[in-house]
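Here is the structure we will look at, set down as structure tokens.
Computed from the coordinates by the stated procedures, all read-outs in this text should not be read as laboratory data. These numbers were taken from a predicted model, which means no experiment stands behind them. Every residue, glycine as well, gets a Cβ built from its backbone with ideal geometry; the counts of neighbours run over all protein chains shown.
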Amino acid sequence: MNAYKEVIEYLYTRLPMFTRDGASAFKKDLDNTIKLCNALDNPQQKFKTLHIAGTNGKGSTSHMLAAILSEAGYKTGLYTSPHLLDFRERIRVNGVMCEQDFVTDFVQTHKALIEEVNPSFFEITVAMAFDYFEKSKVDIAVIEVGLGGRLDSTNIIQPLLSVITNIGFDHMNMLGNTLAEIASEKAGIIKRNTPVVISEYAAETASVFLDKAQLEHAPIQFASQVYQTKMLSVDQDYLRIEVIDENGAKEIYQLDLKGSYQVKNLAGVLLAVDELRKQGFQISHLHVHEALKKVQSATGIQGRWQQLSKDPFIICDTGHNEDGIHEVIKNLNSTSYNKLHFVIGAMRDKDLSHMLPYLPKDAVYYFSAPDMPRAMPSDLLREEAAVFDLYGRDYSSVQEAFMAAKAAYEDGDLIFVGGSNFVVAEVLVAVDKGL
């Protein structure tokens, strides 16, 4: 194997992969990751880290913090998942994806180790990221949890700070059927004597975090109790958010991530920055303001209420669980359009009762199935949706559904693409191809 494409194909086909195989690919312990990192001389112990978990918001929060640290002059690693277009989106330094040659060399060098340990796709990508950050001599790396927290492969790090964002219903077959059970899994990233920021106080889950923090002697703060945030306006360029701190001081921030859910995420980001300052990081208010205005260009983040085109008017968002869909609806309600064309797909293992009841009934739906085994067939999705009075046609592929929506589009309409990361990814590919 000497070609990048061959190496990526090897990783995709050789290793269990959650995005393809579902829960069967999720390893319920940290043993494989520990074995891999021991063989790599534990690179994760050689640079500073932040650890970010949560049901929704952890990706945006990770990217915002990485942008701020980079703007402040720190060489900043960023590990996120899943990727949308390019595997290397998962591993970045100062917004730049790791090199194809690094991925190729890593897999070639450690092929025997991979086949001995037999890790999941996620486990090997975590080890690869840690190795890359150590070799790149980053000052700090922002590490996003893949799924849950307690048993997530990233949970072998000893971070300077843990951040937990929104807790909502998602992956209940693996994380639990109540918010408290899900929060308990997320709380697994709270480390001994390590500060933790919880972005949003919620009565159903607060005691879970407080109890775990007390057990670990971890200083804990709820960002929503320190910072009050309110959306002021949104336009083609920025979302403007008013922030009032606990002393009553008021400040306005401009974000190029324009989804309304960033109002919740921003409080957690700002409190995390406060904590980093306490630990000696030199991050000015100007660094924060400038970074938040250019998170997309600074980090490469995609799929967060992202406008793909003005004419036709196309927006995509990767929100795919109950809370994510509620935020999508909130954004749709604040957007002007005549008719809504909704391109949608979902995974077989997704509990659609936490998504379909909340979708707009006056939209025209274009039901599709992403090109992967876990995808729910589009005709089954159409039948499930009809139970909730959501109607439209089913299509054999995401691209076909997207093209049908574009063909039906008229001036003043909106095409929205969502329901799954993988639907968004395939539409991004189509847009890149000029389709």
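Structure remark: mean-square fluctuation, Gaussian network model of the chain, C-alpha springs under 10 Å; the largest value among Ala369, Ala187, Ala203 belongs to Ala203.
Normalised by the number of residues in the chain, the mean separation of alpha-carbon contacts (under 8 Å, six or more apart) gives a relative contact order of 15 percent. Please work out the Cα center distance from segment 183-215 to segment 373-435, rounded to the nearest Å. Value for the Cα centre distance between the two parts: 38 Å. The Cα atoms of segment 42-102 give a gyration tensor whose axes a ≥ b ≥ c have a/c under 1.5, which makes the shape rounded. In terms of packing, defined here as the mean over residues of other Cβ atoms within 10 angstrom, the peptides 322-330, 357-365 line up highest first as 322-330, 357-365.
For the residue pairs Lys135/Lys310; Lys48/Lys433; Lys293/Lys433, the C-alpha atoms sit more than 31 angstrom apart in Lys135/Lys310; Lys48/Lys433.
For segment 65-116 and segment 251-322, what is the centre-to-centre distance using only Cα atoms, to the nearest Å? Centre-to-centre (Cα) distance: 20 Å. Percent antiparallel among DSSP beta bridges with both residues in the chain, to the nearest 5? Taking every DSSP beta bridge within the chain, about 40 percent pair in antiparallel fashion. Couplings 3J(HN,Hα) of segment 143-151, computed from phi: 10, 8, 4, x, 8, x, x, 4, 9 Hz, in residue order, whole Hz [Karplus 6.51 cos²θ - 1.76 cosθ + 1.60, θ = phi - 60°; x for Gly and Pro]. Only Cα pairs under 8 Å and 6+ residues apart enter the sum, and on that basis the relative contact order of segment 306-433 stands at 36 percent.
Shape class for segment 342-398, computed from the alpha carbon gyration tensor (a ≥ b ≥ c): oblate, with a/c not under 1.5 and a/b at or below b/c.
Simple spin-label estimate for Asp245 and Lys339 gives 5.1 nm between the two label positions (7 Å along the Cα-to-Cβ direction from each Cα).
Each peptide among 154-161, 194-201, 265-272, 347-354 gets the average number of other Cβ atoms lying within 10 Å of its residues, and from highest to lowest they stand as 265-272, 194-201, 154-161, 347-354. Beyond a 25 Å Cα-Cα separation, which of these cross-linked pairs lie in this structure: Lys264/Lys330; Lys5/Lys350; Lys230/Lys330? With Cα atoms farther than 25 Å apart: Lys5/Lys350. Which of the aspartates and glutamates could a cross-linker bridge to Lys258, judged by Cα under 12 Å and excluding same-chain residues fewer than eight apart? Once the sequence-local aspartates and glutamates are set aside, what remains near Lys258 is Asp235, Asp237, Asp317, Glu327. Within the shell defined by Cβ-Cβ distances under 13 Å, the residues around Ala141 carry a net charge of +3, with Lys and Arg each +1 and Asp and Glu each -1.
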